[in-house]
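Visitor: Okay, here's the structure, questions in a sec.
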Amino acid sequence: MPPKSAIPDEPNAPLTPAMFHVLLALAGDDLHGYAILKEVELRTSGEVKLSTGTLYGIIKRLLNEGFIVELRHRPAENDDERRRYYRLTPKGREIASLEAERLEKVVALARARRLLKRTQPA
């Protein structure tokens, strides 16, 4: 049986929250695994903390889907040679954008149903 896709056949299928956070972290810059963990934790004010096992499982799936690539060159001099850096691909950016748009619609619906206060976007 072939491996299950991280994204079902539906074009606007949601990513898992953890996958989306990893794509968001990589949308800003090329990062190595530990930096991805710290970026997710920082951007969520500590609400999302990925374990290394979870992160590397996600990275493997994102690599297999073609949403990220491992870089062959090292972006930082004097960096630990064991670190592997990752970059968001155009396909990964498109999937992350689709997910952000989907979530934006969900939040708009929640506001319309008065589940959230109507606030200005950040």
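The values are calculated or read from the model by the stated rules, or taken from the named source; none is laboratory data. Remember, predicted model here, so these are calculated numbers, not experimental data. So basically every Cβ, Gly included, is an ideal-geometry build from the backbone, and we count neighbours across all protein chains shown. To get the accessible areas, we keep the full protein, side chains included, count just its heavy atoms, and leave off ligands, DNA and RNA. Shrake-Rupley method; radii C 1.70, N 1.55, O 1.52, S 1.80 Å.
Visitor: Would you mind giving the average projected area, over all directions, of the Cα convex hull of segment 21-122 in nm² with one decimal?
Guide: 7.8 nm²
Visitor: First measure r as the distance between the Cβ atoms of Tyr34 and Ala108, then evaluate 1/(1 + (r/R0)^6) with R0 = 35 Å and state the FRET efficiency to the nearest 0.05.
Guide: 0.50
Visitor: Round to the nearest 0.05 the FRET efficiency obtained for Glu81 and Lys60 when R0 = 25 Å and r is the Cβ-Cβ distance.
Guide: 0.75
Visitor: Per residue, how much accessible surface does segment 18-89 expose to a 1.4 Å probe? Answer in Å², no decimals.
Guide: Accessible area per residue, segment 18-89: 61 Å².
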